[in-house]
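The values are calculated or read from the model by the stated rules, or taken from the named source; none is laboratory data. None of these values were measured; they are calculated from a predicted model. Counting neighbours? That spans all protein chains shown, and the Cβs are built from the backbone with ideal geometry, glycine included.
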Amino acid sequence: MDRLQYLLSKLAEEASEVSQIALKSQQFGLDEVYPKVGISNKERIHEELNDLMAIVGMLNDEFYFSFTNNFGHHLDKEDKVNRYFEVSKNLWYKRMISDDT
């Protein structure tokens, strides 16, 4: 395994860790503190996002990955997420109504 392969695997690993703590936070809440860790889920998400961005920085530095935050894309993604949230809410509501009948 070369350095690029290694960093890409670390990128996937960190993304997976962000996913895991996001799902735990969905279930238990952002303020929940797991006693073995001693910090809130929100703080754990922040740590994992920082770890992820550290790997992105290493890819940028070592392999000209050239990642920069694209604010236009950010706004487009916000719109898309908000649109699908409305669709999801409406589907959930319809399912709840049909389950009651």
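Please verify whether Lys10 is within 19 Å of the chain's Cα centre (by Cα), at pLDDT 95 or above and surrounded by 15 or more Cβ atoms within 10 Å (Cβ to Cβ), treating the condition exactly as stated.
Numbers: within 19 Å of the chain's Cα centre (by Cα): yes; at pLDDT 95 or above: yes; surrounded by 15 or more Cβ atoms within 10 Å (Cβ to Cβ): yes.
So Lys10 fits the description; yes.
Of the residues in the range 9-35, how many are aliphatic (A, V, I, L, M) and in contact (Cβ under 8 Å) with a residue 24 or more places away in the chain?
Step one: filter the range 9-35 for residues aliphatic (A, V, I, L, M), giving 11-12, 15, 18, 21-23, 30, 33.
Within this subset, residues satisfying the condition of being in contact (Cβ under 8 Å) with a residue 24 or more places away in the chain are 11, 15, 18, 21.
Residues in the range 9-35 being aliphatic (A, V, I, L, M) and in contact (Cβ under 8 Å) with a residue 24 or more places away in the chain: 4 in total.
Step by step: first the residues of the range 45-101, then only those that are of a type in the set (Asp, Glu) and not assigned by TED's automatic domain parsing to the domain that holds Lys24, then the one that is farthest from Phe28 (Cα to Cα). Which residue is that? I'd like the intermediate steps shown before the answer.
In the first step, residues of the range 45-101 are kept if they are of a type in the set (Asp, Glu); the result is 47-48, 51, 61-62, 76, 78-79, 86, 99-100.
With the extra rule that they be not assigned by TED's automatic domain parsing to the domain that holds Lys24, the set shrinks to 76, 78-79, 86, 99-100.
Details: Asp76: 29, Glu78: 24, Asp79: 27, Glu86: 23, Asp99: 26, Asp100: 27 Å.
The selected residue is Asp76.
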Gly38 fails exactly one of the following numbered conditions: (1) outside any helix (DSSP H, G or I); (2) in contact (Cβ under 8 Å) with a residue 12 or more places away in the chain. What is the number of that condition?
-> (2)
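Just checking, which of Gly38, Gly29, Gly57, Gly72 is exposed (fewer than 13 other Cβ atoms within 10 Å of the Cβ) and in contact with a Phe, Trp or Tyr (Cβ under 9 Å, 6 or more places away or on another chain)?
Numbers: Gly38 fails: in contact with a Phe, Trp or Tyr (Cβ under 9 Å, 6 or more places away or on another chain); Gly29 fails: in contact with a Phe, Trp or Tyr (Cβ under 9 Å, 6 or more places away or on another chain); Gly72 fails: in contact with a Phe, Trp or Tyr (Cβ under 9 Å, 6 or more places away or on another chain).
Going through Gly38, Gly29, Gly57, Gly72 in turn, just one is exposed (fewer than 13 other Cβ atoms within 10 Å of the Cβ) and in contact with a Phe, Trp or Tyr (Cβ under 9 Å, 6 or more places away or on another chain): Gly57.
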Looking across the range 13-35 at residues that are in a loop (DSSP other than H, G, I, E, B) and not small (Gly, Ala, Ser), the single one that is farthest from the chain's Cα centre (by Cα) is Pro35
